[in-house]
Amino acid sequence: MKLLQILLFCLLSSGFLFAQDTQTASEPQNTSTEVSAEEQTLSAVKKLIGFIRYKKNDKALALVHVGKFSEKLIGDHKISAAERKEFEEAISEYIVNKAFPIALKYFDKIDITYDKPTVNGKQARIGSSILYKGSDQIKFAWILSESEGAWYISDFETEGKLATEINRTKNIEPSIKKNGIKGTISLIQKAAKN
């Protein structure tokens, strides 16, 4: 099974940069400030790119919400908790072995332009673009989700379509129908190794 290369981009986040300033007139001056959700989301994306560029795959993968990403790929299919865990592990392996190297090809030594993040509750979107090979402008967006106070990449959008939606309808759903969830997991694991 060949997963779309776009699967790579669909993840990331961080965002543990919090500082509360609850200063009163009698307290000494404190220079810490609260970091906005917009700044946290953008920081997460930039960290992901940095980790990918320096091939720190474990740190990069920690910025991706593989659980949410996998949930979107599985869609309405009912699977056991053990199968879900195995699916997430296969997706993680695929991201590290296939998606990150592809991202490195696009993001290495190339400046990324970011739009102002749009945050709506626990979801965020950051439009971005790069000039690939000096002339091809590629536009895309990072989709982030907030979980337990941190922001994580949970999807990737290109040409107005989510990577999880494309991969679910073109790859995952047909494979589950044909091979079952166990067979699909095996195919993802095999694709991650090749």
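The values are calculated or read from the model by the stated rules, or taken from the named source; none is laboratory data. The structure displayed is predicted, hence computed values, not measured ones. Here Cβ is always computed from backbone atoms with ideal geometry, including for glycine, and neighbour counts include all displayed protein chains. To get the accessible areas, we keep the full protein, side chains included, count just its heavy atoms, and leave off ligands, DNA and RNA. Shrake-Rupley method; radii C 1.70, N 1.55, O 1.52, S 1.80 Å.
Mind listing whichever residues of the range 54-85 are of a type in the set (Ser, Thr, Tyr) and in a loop (DSSP other than H, G, I, E, B)?
Selection gives Tyr54, Ser80.
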Odd one out for Phe51 among (1) in contact with a helix residue (DSSP H, G or I) (Cβ under 7 Å, 6 or more places away or on another chain); (2) touching a residue at least 40 places away in the same chain (Cβ under 8 Å); (3) part of a helix (DSSP H, G or I)
(2)
Across the range 137-164, what is the total count of residues that are open to solvent by 30 Å² or more (accessible area, probe 1.4 Å) and free of Cβ contacts under 8 Å to residues at least 40 places away in the same chain?
8
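Test of understanding: among Val45, Val66, which residue is open to solvent by 10 Å² or more (accessible area, probe 1.4 Å) and modelled with pLDDT of 65 or more?
Val66
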All positions within the range 89-136 that are surrounded by fewer than 13 Cβ atoms within 10 Å (Cβ to Cβ) and part of a strand (DSSP E or B):
Thr113, Asn120, Asp136
From the options Asp76, Asp111, residue that is among the charged types (D, E, K, R) and within 17 Å of Leu48 (Cβ to Cβ):
Asp111
Please specify each residue of the range 165-194 satisfying the condition of being surrounded by fewer than 14 Cβ atoms within 10 Å (Cβ to Cβ) and in contact with a Ser or Thr (Cβ under 8 Å, 6 or more places away or on another chain).
Gly183
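Going by what's in this entry, would Lys78 be described as at pLDDT below 95 and either more than 13 Å from Leu144 (Cα to Cα) or buried (at least 20 other Cβ atoms within 10 Å of the Cβ) (or both)? Outline the logic, then answer.
Working: at pLDDT below 95: yes; either more than 13 Å from Leu144 (Cα to Cα) or buried (at least 20 other Cβ atoms within 10 Å of the Cβ) (or both): yes.
The answer is yes for Lys78.
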Can you tell me which residues in the range 164-194 are modelled with pLDDT of 95 or more and polar (S, T, N, Q)?
Thr164, Asn167, Thr169, Asn171, Ser175, Asn179, Thr184, Ser186, Gln189
When both residues are 6+ apart or on different chains and their Cβ atoms are under 9 Å apart, which pairs have a first residue that lies in the range 85-114 and is without any contact (Cβ under 8 Å) to a residue 24 or more places away in the chain and more than 10 Å from Ser70 (Cβ to Cβ), and a second that is of a type in the set (A, V, I, L, M, F, W, C) and surrounded by fewer than 17 Cβ atoms within 10 Å (Cβ to Cβ)?
Ile110/Ile130; Ile110/Leu131; Asp111/Ile130; Asp111/Leu131; Thr113/Ile130; Thr113/Leu131
